[in-house]
Amino acid sequence: MSNFKIKPAVRTENITYAVRDIIVLANEVAKTGKEMLYLNIGDPNLFDFEPPRHLIDATYDAMLRNKNGYSPSSGIGEAVKAIEGEAERKRIKNIHDIFVTTGASEAIELAVTALVNQGENVLTPTPGYPLYTAVASKLQAFENPYYLDEENGWQPDIEDIKSKINEKTKGIIIINPNNPTGSNANYETLKKLVDFAVENNLVIFADEIYDKLLFDDAKHISLASISPDASVITFGGLSKNYMVPGFRIGWGIVSGQKAVLADYIEAINKMLRARLSANHPEQYGIKPALEGNQDHLTLALEKLHRRRDMTVEMLNAIPGISCVKPEGAFYAFPKIEMKSSDNHFVAELIKETGVVVVPGTGFGQKPGTHHFRVVFLPQDEKLEKAYKSIASFTEKYFNAYEK
């Protein structure tokens, strides 16, 4: 038998996904019998959240009607029309294409892949969702991170964005509301970002998957609504707002100047055709979800608002930890004032307490700062127990490693 090893492609070397990578350690700790408290994955269905029944009924009915084969590559007509209606409610104009995908993740990957060549780059928010850096690595594109300003509620730092652009920059990504910080960008910031993108002929990738999950009567401003001339792909989906992440149903909305976008739209559609279609019966849930009763959001936001407040209060009470109040989604990104790495802090936290969070390095952060991400989806009593464990652990950790 040959000892020859098959070498994986170089493009996979730098692909990481901290949210799931941390589970490798968590699984080892769980084997010891320790009680685990998982604050690492943004899956509402693991806790006390459910999708609206009319969404489920429509999908089930579609399966019974044998809508189980391939769908059109861009999605079924009623779903595309419903997404267009949603885009119009978000005040997006100059829409030239809409495509339904296997989760917003596929929409993002297709749109970036259709634009960026090897050696080029896209401005990527830091902290930000690790999918974007994974896609860049696969495309052998250069990472070009821009920072969110923690001192300004995690708003995108426009001056930093301006300093990062170069002749190889093709686009800019904004996640709003943001994962992992829970920030919600204001109009002034978004307007500056749009003006900058138009001036520099950049495509904007607007990830708005959490746009209905906002607190304190905050309003979401869809970036594409600010200028009908900006080249924008707006990403959305059922996963978070409608509590069905396992459905893997998302979409992209292309808006801007048609003459500018025509070739790019065709490139996206070539890839859509090549992969045949998104999940078919689940697409029949899009119209009832977007156009039907939204009471599930009222119930979800009541819980999330309370748990957000508990998260901020309890984490800010821990010496050495500070937490900017999230305005949306269900994440917080507290800072730890320490010399050690957040990877080490999180690993020791999991081993000693069973509380699973994700180190800030997995999302990117300013050099010299340390963070971790928490998901505040779990029930109140579980969150309270987890934060008390983090508090007692942090005191021990600082005594052991920070003196």
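Within the set Lys90/Lys366; Lys303/Lys325; Lys192/Lys303; Lys93/Lys335, which residue pairs have Cα atoms separated by over 27 Å?
Exceeds cut-off: Lys90/Lys366; Lys192/Lys303; Lys93/Lys335.
Computed from the C-beta positions of Asp229 and Leu64, the FRET efficiency with R₀ = 60 Å rounds to 0.85.
May I ask you to order 251-260, 157-166, 228-237 by the average number of other C-beta atoms within 10 Å around their residues, highest value first? The partial results should precede the final answer.
On the way: 251-260: 20.5, 157-166: 15.6, 228-237: 24.0.
Most protected by this proxy first, the peptides run 228-237, 251-260, 157-166.
Restricting attention to segment 53-291, close to 45% of DSSP beta bridges with both partner residues there are antiparallel.
Evaluate E = 1/(1 + (r/R0)^6) for Asn186 and Asp309, where r is the Cβ-Cβ distance and R0 equals 22 Å; express this FRET efficiency to the nearest 0.05.
On the way: r = 21 Å, r/R0 = 0.96.
Efficiency, rounded to the nearest 0.05: 0.55.
Bridging of Lys351 to aspartates and glutamates at a Cα separation below 12 Å is possible for Glu28, Glu35, once same-chain residues fewer than 8 apart are set aside.
Loop-located trypsin sites (Lys or Arg not before Pro) across segment 1-106 with a Cβ neighbour count of 10 or fewer within 10 Å are Lys5, Lys31, Arg65, with loop assigned by DSSP. Structural size metrics of the chain, computed from C-alpha coordinates, are Rg and Dmax of 21.3, 66 Å.
Among residues other than Arg308 with Cβ under 12 Å from its Cβ, the summed charge is -2 (Lys and Arg +1, Asp and Glu -1). Classify segment 151-271 from the C-alpha gyration tensor, please: rounded if a/c falls under 1.5, else prolate or oblate depending on whether a/b exceeds b/c. Oblate.
Scaled against the 2.2 N^0.38 Å expected of a compact globular protein of N residues, the Cα radius of gyration of segment 53-291 reads 0.98. Rounded to 0.05, the FRET efficiency of the Lys339 and Phe142 pair, given R0 = 35 Å and the Cβ-Cβ distance, is 0.70. Counted residue by residue at 0.36 nm each, then reduced by the alpha carbon distance between them, the extension gain from Lys81 to Asp380 reaches 103.8 nm.
Throughout, read-outs are computed from the coordinates displayed, never taken from laboratory work. Predicted model only: the values in this text are computed from it and were never measured. Positions of Cβ are backbone-derived with ideal geometry, glycine not excepted, and every protein chain shown enters the neighbour counts.
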